[in-house]
Amino acid sequence: MKNDMDDLLNSVFGSRRTFSAPKPKAETPKKAKSARPAASAEDSMDAIQRAVAENQRILTEKARQQSRDIAALNESAIADIERISRELQSPAVQNLATGTSAAREAPKPMAAGRGAEGFSGAVQALEQKVFGQEAFLKSLVIAFKRPYVMGHEGERARNAMLVCGAPCTGRRLALRETVRFLKDSGVFASADTAWVDLALYPSPSQEKLFLQDLYAALAGDAEVVVFDHYEACHSGFLNVLSELVTEGKSPLQSRYVLQNGRLIDAGGALVSDAVSALTPRGKYLVFFSERGAQALAGRFGRPFVQALGDVCETQPLGEEALRRIASSQEEALCARARRSLAFELKETSLLISEAVASCGKTGSCRAFLDFFETVYRALAQYKLENDCPAPFSVTFLGGGRAAFGAKELSLTSLLPDGADQSLASVKAELEQLIGLSEVKQYVLGLEDNLRMQQRRSAEGLKTSDVSMHMIFTGNPGTGKTTVARLVSQYLKALGALSGGQLVEVTRADLVGRYVGHTAPLTTQVIKSALGGVLFIDEAYSLYRGRDDNFGLEAIDTLVKGMEDYRDDLVVILAGYTREMEEFLTSNSGLKSRFPNIIEFPDYTADELLAILELQTKSRGYRLDERCREPLRAYFGAVQSLHARDAGNGRLVRNKLEEAVLAQARRCASDEHADLSLLVPEDFDLTLPS
C-alpha cells in the first residue's frame, strides 16, 4: 500500500518524492522544540486527499478514452476485413489470380435476355447497306444476339463464330455495319472491331509478338475481335486460339507480367504478379475465312469447330444485288469526280452495265470494284495532262470510251505508261528478244490455259488451279531476269496477277543475321511481291547443306508463303542447271510446287552478234562492217570454252563497254574522227585464258 501511495503522490506532484513519517530525533539534554500546530497537519491531509481524488478522476477518464479508442479500432479493423474480402471476390483480383490482367475490369455477367431488345430491326437496317445477303445477315445477327438470349457468365467468349464466303460478297461490310448498329442501339459500348492478322505470325519466332498483340486485342475497348488469314499462321498459335474457344482460357508457357498495359516476358525473374493465362474476357471471337468449317477443322481441330456457336456464310451475289452495288459505286464515282476533279459525269448508267458484265457469273463484285477504280484513274490522268474548265463535262460512250468535251478517247489509253501495259505490247516486246524460241513458246502458251479458266469462271463452272511458279535454269547472261520481268507484265495483262511488279532478290535479302530473323524477313519479301512476281536469282545459294539452318528456314517460309498466297503470287527461281537440281532436294515440297522448269540455252555466236548490234544502236553508236566476222569468230570461241562464267549477254555488254572506252581514246587526238563509229581496232578480241 505504501508503494502505491508513493506512486500516487509522485503522479500528483510531478516528482519522485517519497513521503514518510519523520524519524524521531534523539533525546538531548536541552528542551525539545514545540510540535507544528495541529491545524497545519490537517490542511496537508486535505490537500493530499484532494490530489488523490483528482488523480482518480483523471485515471478514470483516461481509461474510458482508451476503451472508446479500442472500440473504434475494432470497428475499423472489421470494416477493413470486410472491404478486403469484397475486393478479393472482385473480377479484377480474380483476373490476377487466374493470370489475366487487372488493368481493365472484366465484363460483368450477362443476365439472360439482357440487351436483346437492342437487336430489333437489325436485319432490316443491314439490308439497306449489304445487298443480296438476306440469309447471311439474319444468321450474323442471330450469332451476336445468342449470348443475350442464352446467357453468358465469366470471361469465356461471349460467342465464337466463323464468318466465311467468297471474297467481295459483303462479309467485311456486314460485320462492320452490324457492330456499328449494335453500338447505336445501345447494345455495345464501342463500335470498334479489333482485327488480328494471323499471317503476321508464320513461325515460332513470333511467339512474343503474337501474345502481345493478342492480349492487346482482348484487353482493348472493342467488343469484337476478328482473326483473319489463319491459313498462314503457325499451328502453335492456332492452338492458343483453340484453347480460348474450347476451354475459356489458354495457359502461358513462359512467365509474363504487365508493363504499361503490355504483356512483357519476365524471363526467369521471380515476380508476384505474373500473368499465367489469357482469357477471352467476354469478347466475341470471330474467325474470318473464305473457307468453310471443314477447312477450319483441319487447322484448329474438330473440338474447336464443335465449340463454335455459329457459322455464317455468304452466298454468290445475284445480278440484282450486283446492279445495286454497282449503282452505289457509280454514285460514289460521280461524287468523287465532282469533289476532286471538278468533272460532271454523264451517261454513267453505261458504266453500271459494263461493271456488272465484267463480273460474269462469279457472284462476286471484285471485278467491278477494280473496274470503277480504273475509270477514276483514267479521269484523274486526263485532268493531270490537260487544262480543264470547272465544271468539265465527261460523257461515257460505252465500250471503254468517253467524250472529254469534244474529244473522244479510250479510257485505258489514258493510263500512265507502264501502269497498265496491254497484252499486245507485252507480246511484242517478248517477240523482239533475240533467240529463246522455246522460252517464248512456253510463256505465250500460258495465255490459252488462263483464258480457258477465266471463261469457265465467268460461266460459273469449277476452275482448276494452275501453278505458274517457274524455275529458270541456265548460265548467266541468258536473259532470265529480262524474261521474268516480261512474264510479270504478261500475267498482269492477262488478269492472272493484280500488280505485275517484279521483285528481284538474292539470299542476302531472305536470310537473317540472327536466330528468329529469317522467317519474318522472308515473309516481308513475299508480301512485297504479292500481286506480282518474286524472282530469286542464284536461288541455289539458299541451300548450303543440312547444317545451314538459316537457309533451310528461308526455304520453308518460302514454300509456306507460296501455298498461302497461291492466287496472287508467282515465284521464279533462277540459277545454274546442276546447282538448281540439287537445290530442289532441300525441301520435300519444293519440287512439286515448281512443275515448270525452263532451260535457257547459251546464245549462239550469231545471236550474240545481233545482240551487240542492238545494244550499239541503243547507245547511239554504229558498228563498222569490218567488225562482224572477227566478232562472230570471237563469240563462238568464248561460248565454247567459257559460257558458264564469261559468256552470253554479259560478254556482249563487257565488249561493248570496252570498245566505247577505246574509241574515246582513239578519237581524242583526231578532230575529224567519226564519233559514232566503232571499228575493229576498238575491240580487244583476245580470248580469255
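The values are calculated or read from the model by the stated rules, or taken from the named source; none is laboratory data. This structure is a prediction, so every number in the text was calculated from the model and none was measured. Positions of Cβ are backbone-derived with ideal geometry, glycine not excepted, and every protein chain shown enters the neighbour counts.
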Subject >> Test result for G636, assigned to a helix (DSSP H, G or I), outside the structural domain of D556 (by TED's automatic domain parsing) and at pLDDT 85 or above >> reply: yes
**OP:** Within segment 642-659, count every residue that is over 49 Å from the mean Cα position of the chain (by Cα) and exposed (fewer than 14 other Cβ atoms within 10 Å of the Cβ).
**Re:** 1
Original post:
Filtering segment 340-357 down to residues that are surrounded by fewer than 17 Cβ atoms within 10 Å (Cβ to Cβ) and farther than 16 Å from R377 by Cβ, which residue is modelled with the lowest pLDDT?
Top reply: A357
**OP:** Inspect segment 134-149 for any residue being over 22 Å from F300 (Cα atoms), in the same structural domain as N239 (by TED's automatic domain parsing), among the small types (G, A, S) and without any contact (Cβ under 8 Å) to a residue 40 or more places away in the chain and give the result as yes or no.
**Re:** no
Subject >> Index of the failed condition, A174 passing every other in (1) crowded, with 18+ Cβ neighbours inside 10 Å; (2) in a strand (DSSP E or B); (3) not acidic (D, E) >> reply: (2)
Original post:
Within segment 563-599, restricting attention to residues that are touching a Gly at 6+ places or on another chain (Cβ under 9 Å) and among the hydrophobic types (A, V, I, L, M, F, W, C), which residue is surrounded by the fewest Cβ atoms within 10 Å (Cβ to Cβ)?
Top reply: I598
Subject >> Leading residue by the ranking (surrounded by the fewest Cβ atoms within 10 Å (Cβ to Cβ)) among those in segment 225-237 that are aliphatic (A, V, I, L, M) and modelled with pLDDT of 95 or more >> reply: V226
Original post:
Is it the case that A390 is in a helix (DSSP H, G or I) and exposed (fewer than 14 other Cβ atoms within 10 Å of the Cβ)?
Top reply: no
Subject >> Residue list for segment 660-689, restricted to those being polar (S, T, N, Q) and surrounded by 14 or more Cβ atoms within 10 Å (Cβ to Cβ) >> reply: Q663
Original post:
What are the pairs, 6+ residues apart or on separate chains, where a residue within segment 118-130 that is over 26 Å from A326 (Cβ atoms) has its Cβ under 6 Å from a residue that is buried (at least 18 other Cβ atoms within 10 Å of the Cβ) and not small (G, A, S)?
Top reply: G118/V187; F119/K145
**OP:** Scan segment 622-649 residue by residue and report those that are in contact with a strand residue (DSSP E or B) (Cβ under 9 Å, 6 or more places away or on another chain) and under 12 Å from F683 (Cβ atoms).
**Re:** L623, D624, C627, L631
Original post:
Hey, does segment 465-486 have a residue that's within 27 Å of D197 (Cα to Cα) and part of a helix (DSSP H, G or I)?
Top reply: no
Subject >> Checklist (1) at pLDDT 90 or above; (2) over 30 Å from R180 (Cα atoms) applied to E243, failing item >> reply: (2)
Original post:
of a type outside the set (G, A, S), at pLDDT below 90, in contact with a His (Cβ under 9 Å, 6 or more places away or on another chain) and surrounded by fewer than 19 Cβ atoms within 10 Å (Cβ to Cβ) - does that describe any residue in segment 616-627?
Top reply: no
Original post:
Only one residue in Y201, Y230 is touching a Ser or Thr at 6+ places or on another chain (Cβ under 7 Å) and of a type outside the set (V, I, T). Which one?
Top reply: Y230
Subject >> Those residues of segment 660-689 which are in contact (Cβ under 8 Å) with a residue 12 or more places away in the chain, over 26 Å from D645 (Cα atoms) and of a type in the set (G, A, S), in sequence order >> reply: S676
Original post:
Does segment 296-321 hold any residues that are small (G, A, S) and without any contact (Cβ under 8 Å) to a residue 24 or more places away in the chain, and which are they?
Top reply: A297, G298
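Residues are listed down the side, and each one gets a yes or a no for (1) out of contact with any His (no Cβ under 7 Å at 6 or more places or on another chain); (2) under 26 Å from V426 (Cα atoms); (3) β-branched (V, I, T); (4) surrounded by 19 or more Cβ atoms within 10 Å (Cβ to Cβ):
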{"site": "V505", "(1), (2), (3), (4)": "yes, yes, yes, no"}
{"site": "L510", "(1), (2), (3), (4)": "yes, no, no, yes"}
{"site": "T518", "(1), (2), (3), (4)": "yes, no, yes, yes"}
{"site": "Q524", "(1), (2), (3), (4)": "yes, no, no, no"}
{"site": "S528", "(1), (2), (3), (4)": "yes, yes, no, no"}
Subject >> Residue selected from segment 479-501 under the condition over 22 Å from the mean Cα position of the chain (by Cα) and of a type in the set (A, V, I, L, M, F, W, C), by the criterion surrounded by the fewest Cβ atoms within 10 Å (Cβ to Cβ) >> reply: L494
Original post:
Would it be correct to say that D228 is within 17 Å of the chain's Cα centre (by Cα), closer than 21 Å to A143 by Cβ and not hydrophobic (A, V, I, L, M, F, W, C)?
Top reply: yes
Original post:
Any idea how many residues of segment 404-423 are modelled with pLDDT of 75 or more and not in a loop (DSSP other than H, G, I, E, B)?
Top reply: 8
**OP:** Check segment 131-141 and report whether any residue there is closer than 23 Å to H229 by Cβ, crowded, with 23+ Cβ neighbours inside 10 Å, touching a Cys at 6+ places or on another chain (Cβ under 8 Å) and among the polar types (S, T, N, Q).
**Re:** no
**OP:** Could you identify the single residue in A222, A217 that is out of contact with any His (no Cβ under 9 Å at 6 or more places or on another chain), crowded, with 16+ Cβ neighbours inside 10 Å and not in a helix (DSSP H, G or I)?
**Re:** A222
Subject >> Residue list for segment 650-676, filter: touching an Asp or Glu at 6+ places or on another chain (Cβ under 6 Å) and over 23 Å from Q639 (Cβ atoms) >> reply: Q663
Original post:
Does segment 301-322 contain any residue that is surrounded by fewer than 17 Cβ atoms within 10 Å (Cβ to Cβ), modelled with pLDDT under 90 and under 26 Å from the mean Cα position of the chain (by Cα)?
Top reply: yes
Subject >> Enumeration of residues in segment 527-543 that are of a type in the set (F, W, Y) and in contact with a Gly (Cβ under 9 Å, 6 or more places away or on another chain) >> reply: Y540, Y543
